[in-house]
Amino acid sequence: SPAFPRVNDKPIALIYGRNGAPKVTASSEGFQDHLKRKYGDIAALNDRWGTDFGVFGDVTLDTAARGHQRAESIKYIYQQWEAEMQRANAAARTRLNLPGCVFSWDIAYQPYMGFGYSDQARVFCGPHSYGGIFGVPHDQDVERFIQAAVAKRYDTVFFDTFKNFYHDWEIRIPGTCYPPDFNAFDRFWVQALAHYSEALLHLSWNEWWEGSNLEPCVEYGKVYCEKNLLYSTIMKECFDSIREWNKGAKVAVLLNDWHWLAGGRHPEDIYTCIQALRRNNVRFDLIPDDFATADELAKFDVLVAPSGGVGFGCNAADESISELISQWAAADANRRLLVDDFPGADGLFDLETSPAQAAVAAQPGPDMNAYVDIGV
């Protein structure tokens, strides 16, 4: 239908299946065959992963593991989903003379199943969150900001969601209703603009229709229609600045999807860096792992690289991001790299232990969190 919104000429199918969709159907056997093709022999895999597997048959598809086994499992799962999408769209073109479609999955705002942000936008469309009325305008604020930025990187779109007047539950559960709230409605729109979102998905006015239309009503007249007209006009007129929210930035934050892929447990390390820059009105860019190349990093004077304690992965060309950021920092004395500690960091950056650190190491005390000045 010409009524469908489209991304790169493909209509969008919004999938309302929040918990556990899309399903993981990949097998350990297929995963092992994939690893054989990628590494050639088990010794090469062990060398890369730092493991001691005897044969490829010992390496199972395991998203509950940590490190390379989990990360490679997730990458393989997305590879299978991507192949299925390509087959379906090829059939649409050859059999039906249609362009195919893209799927936007209802996964709220966090990384789907903890699998990271990037691959969801790369393989499918950017996600959306139907998720009912439950949640305030600033709910998962940093996650929504990231989704919008990552979607732009992969030339797709994230559907931020705003919600108002959920009537369905008054019928299912008598006496329960979420009445309209003018302030919340305005704040959902303003939050979306603050995320530089390029699209919004409306939670329906009356729920039974399950659509996105906000119709006039006896109680409020055309108020909500007028609000939509106001904010959608702002979005349209400001679209260039929304699209190029990071133009001219000299500060960059590495999104570090490896943290999620490898099973890291400290996403707040990444989130707080992003939020601190936003609160201080610092113009910055957000770089997903795939795009962390030498040429891309060379654009910036300051690089914030939160490891979450697990280090860094590789870019789309399979180059080590740890080595890339080390080379970036060493290439120009005026550059500034902010990075937290992770396994191997001291060897990578050739840091000398200060007298204060040596004293602490000689007589270790209780664990503590601290900033340590390592000098030049």
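The values are calculated or read from the model by the stated rules, or taken from the named source; none is laboratory data. Because the structure is a prediction, the values reported are computed rather than measured. Cβ sites come from the backbone with ideal geometry, for glycine too, and all protein chains shown count toward neighbours. Surface areas here come from the heavy atoms of the whole protein model, side chains and all, with no ligands, DNA or RNA. Shrake-Rupley method; radii C 1.70, N 1.55, O 1.52, S 1.80 Å.
Numbers at a glance
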read-out: Projected area averaged over orientations for segment 95-160, convex hull of C-alpha atoms, nm²; value: 5.4
read-out: For segment 224-353, accessible area per residue (1.4 Å probe, heavy atoms of protein chains only), Å²; value: 52
read-out: Rg followed by Dmax, in Å, when segment 1-127 is reduced to its Cα trace; value: 17.2, 56
read-out: Label point 7 Å beyond Cα of ALA194 along Cβ direction - residues of segment 142-160 with amide nitrogen under 14 Å; value: 142-146
read-out: Calculated FRET efficiency for the pair ASN97/ASP341, C-beta based, R₀ 51 Å, to 0.05; value: 0.35
read-out: Length added when fully stretched, ILE234-PHE349, from 0.36 nm per residue minus Cα-Cα; value: 36.8 nm
read-out: Cα centroid separation, segment 254-323 to segment 219-253 (Å); value: 26
read-out: Fully extended contour minus Cα-Cα distance, from ALA298 to SER320, at 0.36 nm per residue; value: 6.3 nm
read-out: Ranking by accessible area, most exposed first, for VAL150, VAL102 with a 1.4 Å probe; value: VAL102, VAL150
read-out: Inter-label distance, nm, simple model (7 Å from Cα along the C-beta direction), ASN46/ASP139; value: 4.9
read-out: Segment ALA64-ASP155, length gained on full extension (0.36 nm per residue, minus Cα span); value: 29.7 nm
read-out: Loop sites in segment 83-160: chymotrypsin sites (Phe, Trp or Tyr not before Pro), DSSP, at most 16 other Cβ within 10 Å; value: PHE134
read-out: Label-to-label distance, nm, for residues given as PHE53 and ARG279 (7 Å Cα→Cβ offset); value: 4.3
read-out: Solvent-accessible area, 1.4 Å probe, carbon plus sulfur percent, for segment 1-73; value: 49
